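Asker: Sharing a structure below in structure tokens format, with a few things to ask.
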Amino acid sequence: MMPILEQEYITSFRAMGCHVTIRLHTKDDGIALLRQAAECIAEIEAALSRFRPDSELSYINAHSGEWVMVSHTLLQAALVSKQAARLTDGLCNPLVLPALIAAGYNRSFDLIDGQMMISEPPHIPHWQSLEIDVKHQRIRIPSGAGLDFGGVAKSWTAQQIAEQLAAYGPCLVNLGGDIVTRGKDWAVEIGEPNQAEANILSVNVHDGAVATSGTDYRRWQTPQGTQHHLIDPRTGSPAVSDVVSVSVIHPVAFLAEAYAKAVLLMGSESGLAWLDAQWYGAALIVRSDGAVHSTRNFMSYIFQGETQCSAISLSY
């Protein structure tokens, strides 16, 4: 009998408001495994999306000030969000939803047009006012507040999927630029801000995550000027920074995403110094003047090469 050879299976689709790509090297039924992964992402999105009126998150936001029983998925997302807020001194605050809406981001990004009006930035509650009762699997947000998982949802989801697929072989999960790898060395491209097809360099990531946060991606025009989606919880308004984009490598996916946002909000000098003092984390930043800077440990990830194999692409 001929031995079963490992093949690479690839699938691409849209979910969670972004382009998703999953790659899996396996001797098993890769087609079925990637279909299951896509279904899992769809289930997570159905629970966590603020743009779906029937989602679990929308129900919570409609019942602010009340204790609400939640699913295991939403409970874990809330715990991760609160942990990200604690580790970034509140810069990654999950209670920024009213500020996002005030900036004009009140619908899926694909539907935003230049007619969106902005209003005065609202007060953003302290991240500790998000109450989580793990024993009874329920949460409560302050009255009038709004919960948004945009700061960690994609990276956290990517890690859930990667951990499931890793049992069957090396994999890479990319949710809109939040990337998690397992099982082998993977080459991950760091994109050039404002240039969709250009890359700065490739990094080598083995059993880790890369997340990029930038003011160049989700931008929209309003009668009052250009807005973007990175809210500074200290002001309630879109961030003003000398950093255009930040890419962070970290073993924990949601921390890669949270740290990237924190560095951008702090600015290049303070942000890189802060990240150097954290447990792990390597970053590359691009400033508004075009200068590129990194933490001391970033260059050790520069990509050296990748094993090639046959690939089967899927589309659904």
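The values are calculated or read from the model by the stated rules, or taken from the named source; none is laboratory data. Owing to the predicted nature of the structure, the values given are computational and were not obtained by experimental measurement. All Cβ positions, glycine included, derive from the backbone under ideal geometry; neighbour counts span all protein chains shown.
Asker: For segment 164-200, enumerate the residues that are touching an Asp or Glu at 6+ places or on another chain (Cβ under 8 Å), under 27 Å from V244 (Cα atoms) and not β-branched (V, I, T).
Answerer: Answer for segment 164-200, where residues must be touching an Asp or Glu at 6+ places or on another chain (Cβ under 8 Å), under 27 Å from V244 (Cα atoms) and not β-branched (V, I, T): D178, W186, A187, P193, N194, A198, N199.
Asker: Just give me the residues in segment 226-241 being touching a strand residue (DSSP E or B) at 6+ places or on another chain (Cβ under 9 Å), modelled with pLDDT of 65 or more and surrounded by 13 or more Cβ atoms within 10 Å (Cβ to Cβ), in sequence order. Walk me through how you get there before you give the answer.
Answerer: Here is the first cut: in segment 226-241, the ones touching a strand residue (DSSP E or B) at 6+ places or on another chain (Cβ under 9 Å) are 226-232, 237-241.
Filter again for modelled with pLDDT of 65 or more, leaving 230-232, 237-241.
Result: L230, I231, D232, S237, P238, A239, S241.
Asker: Name, by its number, the condition in (1) over 30 Å from P122 (Cα atoms); (2) β-branched (V, I, T); (3) modelled with pLDDT of 95 or more that does not hold for V203.
Answerer: Condition (3) is where V203 drops out.
Asker: Name the residue that is farthest from I22 (Cα to Cα), counting only residues in segment 151-176 that are surrounded by fewer than 23 Cβ atoms within 10 Å (Cβ to Cβ) and among the small types (G, A, S).
Answerer: It comes out as A167.
Asker: How many residues does segment 265-298 hold that are among the aliphatic types (A, V, I, L, M) and part of a helix (DSSP H, G or I)?
Answerer: So the count comes out to 5.
Asker: Scanning segment 235-287 for residues that are out of contact with any helix residue (DSSP H, G or I) (no Cβ under 6 Å at 6 or more places or on another chain) and of a type in the set (D, E), which turns out farthest from M299 (Cα to Cα)?
Answerer: Among those that are out of contact with any helix residue (DSSP H, G or I) (no Cβ under 6 Å at 6 or more places or on another chain) and of a type in the set (D, E), it is E269.
Asker: Quick one: in segment 126-165, of everything that is among the acidic types (D, E) and not in a loop (DSSP other than H, G, I, E, B), which residue is farthest from C92 (Cα to Cα)?
Answerer: E163
Asker: Can you tell me which of (1) buried (at least 20 other Cβ atoms within 10 Å of the Cβ); (2) modelled with pLDDT of 95 or more is the one R50 doesn't meet?
Answerer: That leaves (2) as the condition not met.
Asker: Quick check on segment 264-316: of everything there that is of a type in the set (V, I, T) and surrounded by 12 or more Cβ atoms within 10 Å (Cβ to Cβ), which residue is modelled with the lowest pLDDT?
Answerer: Only one residue tops the list, namely I312.
Asker: Read through the list (1) more than 22 Å from G90 (Cβ to Cβ); (2) touching a strand residue (DSSP E or B) at 6+ places or on another chain (Cβ under 8 Å); (3) surrounded by fewer than 24 Cβ atoms within 10 Å (Cβ to Cβ); (4) at pLDDT below 95, then give the number of the only condition that P223 fails.
Answerer: So P223 meets the others, but not (2).
Asker: Say we look at segment 28-44 and pick out the residues that are under 19 Å from the mean Cα position of the chain (by Cα) and surrounded by 20 or more Cβ atoms within 10 Å (Cβ to Cβ); which of these is farthest from G151 (Cα to Cα)?
Answerer: A37
Asker: Within segment 31-58, which residues are of a type outside the set (A, V, I, L, M, F, W, C), over 27 Å from L95 (Cβ atoms) and in contact with a Ser or Thr (Cβ under 9 Å, 6 or more places away or on another chain)?
Answerer: R35
Asker: Give the number of residues within segment 56-80 that are more than 18 Å from W156 (Cα to Cα), surrounded by 14 or more Cβ atoms within 10 Å (Cβ to Cβ) and of a type in the set (G, A, S).
Answerer: Looking only at that region, the number is 2.
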